Each structure stands twice: as structure tokens, then as C-alpha cells.
Amino acid sequence: QYEDGRKAKVEWHKQQKDKTPLYVSQVLTGEDTGSYVVGRFDMHWADMDKPSVADAADLEQYTKVISPYVEKLTASYYEFLPRWSNPTPDMKTPKYIEVVIFHVKFGKTDDFRSAIAKVHEANQKVNAPVHYSWYRLINGGPGGTFVVTYDHADWASFGDDPAVKPLRDRLREAFGEQEATSVIERVNGSIDHTYSYIAQPRPDLSYIPAK
């Protein structure tokens with residue numbers, strides 16, 4: 001019923017000629033297995049003051065065709081961090097998305113940020129064949145939450161890639177032993193815990209405006 005409601009809402013967005021895409025993914029692993037993640041990208045705060053479709057109309061349609069089949073709804077806002085990211089250039093819709101959530105200790109955010117920036121710099125320096133997107137939770141959850149996502153074309157790509165050197169080796173090659181050790185220590189010392197899951201994009205439930 002939920003998926004039927006999602007498909008009905010896609011048709012409604014088409015009728016409204018909504019200009020903003022709505023991406024839906026299904027969670028395959030972890031404590032939220034079987035739930036759905038609905039997200040919008042490439043938006044600024046000001047965009048929400050002038051939505052392509054009125055919020056009231058959107059909510060009315062959601063209430064009619066989807067909410068009867070939803071047990072719980074959580075809304076969160078994330079900031080994309082382009083200076084840390086190296087997105088996949090040629091995979092429009094990945095088969096799977098690997099999501100890793102970092103919960104940073106209070107007072108250790110600067111250490112974490114500086115270390116991750118160094119990791120990204122190292123990847124660029126050694127031309128590592130890795131692609132990832134970083135985000136920071138800015139509202140709707142615990143402070144000090146950062147998220148990195150990796151696109152996957154198939155299940156086989158979750159295995160170790162011999163073309164990608166271990167992180168410490170990449171850091172050592174880029175900056176030397178001393179800086180590599182410093183970065184690893186900052187990462188390890190700043191993280192309280194991590195959590196990961198795999199999501200599967202559902203284009204059949206997503207709304208992509210016609211070009």
C-alpha cells in the first residue's frame with residue numbers, strides 16, 4: 001500500500017509540474033531494514049521559502065495517499081560537504097548506496113574535520129580510485145553527526161578492491177609516516193561510534209521532473 005501510494009504521489013507531482021526531484025530509497029540492512037528514505041538534493045534554505053509546489057498541497061496529497069501506511073516519520077536536514085567529497089562521475093542511479101554514519105565526540109569536531117580533510121587531500125594526491133560524498137547533519141538528530149556515502153554498481157563492488165590501497169598507505173604516500181600517524185590518531189580519537197547500512201534506490205517510487 002505504501003509503494004502504491006508513492007507511485008500515486010509521483011503522478012500527482014507530474015500533474016503539478018513540480019520542478020524539484022524527490023528521490024526514494026529502500027533500506028536493506030540495519031535496524032531500519034524495510035523502511036524508506038525520501039530525500040531532496042541540491043537545495044538551499046531559501047529554496048524552501050518558494051517551493052515549486054505549495055507545502056500545504058503537498059502535505060494534503062501525502063496525507064491522502066501515503067500517511068495511512070506510515071508508522072513513523074523523521075525529518076532531518078543535511079549539508080553537503082563538497083570540499084571533502086569526490087562523487088561518482090558517471091553513475092546516474094547506483095544499484096546500491098553504502099551509508100556510514102560517524103558520531104563525533106563532543107569537543108572533537110575540529111579534530112575530525114581536519115583529519116577527514118587530510119584523508120580527502122591524500123586521495124586526491126595519490127589519485128586513489130575512490131568516490132564518496134560527505135554530509136553533515138545540521139538539524140533533526142544528534143549533534144556531531146557526519147555521513148559518508150559510496151555508490152555501488154552491484155554486490156561484488158562491496159568486496160575489497162585491490163586497486164585501492166589501505167588508508168594508512170595512502171596517507172603515508174601523500175604526507176609521510178608522521179603525518180599519516182597524526183591523521184589516523186585524530187580520526188580514532190574523535191569518533192564515539194559509527195553505524196552503517198545499505199540502501200537501494202527506487203526509481204520506480206521517485207519523482208524526476210521531465211527535462
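The values are calculated or read from the model by the stated rules, or taken from the named source; none is laboratory data. Computed from a predicted structure; not experimentally measured. So basically every Cβ, Gly included, is an ideal-geometry build from the backbone, and we count neighbours across all protein chains shown. With ligands, DNA and RNA removed, areas are computed over all heavy atoms of the protein, side chains included. Shrake-Rupley method; radii C 1.70, N 1.55, O 1.52, S 1.80 Å.
Structural remarks
- Contacts under 6 angstrom Cβ, first residue in segment 78-96 being in contact (Cβ under 8 Å) with a residue 40 or more places away in the chain, partner among the small types (Gly, Ala, Ser) and part of a loop (DSSP other than H, G, I, E, B), 6 or more apart: 95/153
- Top-ranked residue in segment 56-94 [being touching a Pro at 6+ places or on another chain (Cβ under 8 Å) and not β-branched (Val, Ile, Thr); ranked as least open to solvent (accessible area, probe 1.4 Å)]: 94
- If the condition is being in contact with a strand residue (DSSP E or B) (Cβ under 9 Å, 6 or more places away or on another chain) and either in a helix (DSSP H, G or I) or open to solvent by 80 Å² or more (accessible area, probe 1.4 Å) (or both), then segment 13-30 contributes 13, 14, 23.
- Test: residue in segment 31-39 that is surrounded by 11 or more Cβ atoms within 10 Å (Cβ to Cβ) and either touching a Pro at 6+ places or on another chain (Cβ under 8 Å) or farther than 16 Å from residue 201 by Cα (or both): no
- Within segment 116-139, residues that are under 21 Å from residue 153 (Cα atoms) sit with their Cβ atoms under 8 Å from residues that are of a type in the set (A, V, I, L, M) and open to solvent by 50 Å² or more (accessible area, probe 1.4 Å), at 6+ positions apart or across chains, in these pairs: 129/163.
- Contact map, segment 177-203: residues that are within 25 Å of residue 125 (Cβ to Cβ) and in a helix (DSSP H, G or I) paired with residues that are open to solvent by 30 Å² or more (accessible area, probe 1.4 Å) and aliphatic (A, V, I, L, M), Cβ distance under 8 Å, separation 6+ or inter-chain. Pairs shown: 184/167.
- Residue 50 meets all of the listed conditions (1) of a type in the set (D, E, K, R); (2) surrounded by 12 or more Cβ atoms within 10 Å (Cβ to Cβ); (3) under 23 Å from residue 80 (Cβ atoms) but one, namely (2).
- The residue list 98, 3 contains one member that is assigned to a strand (DSSP E or B) and in contact with a strand residue (DSSP E or B) (Cβ under 9 Å, 6 or more places away or on another chain), which is 98.
- Residue check, residue 164 of a type in the set (A, V, I, L, M, F, W, C) and either assigned to a helix (DSSP H, G or I) or crowded, with 17+ Cβ neighbours inside 10 Å (or both): no
- Single residue of segment 109-150 satisfying the filter (of a type in the set (S, T, N, Q) and more than 13 Å from the chain's Cα centre (by Cα)) that is surrounded by the most Cβ atoms within 10 Å (Cβ to Cβ): 123
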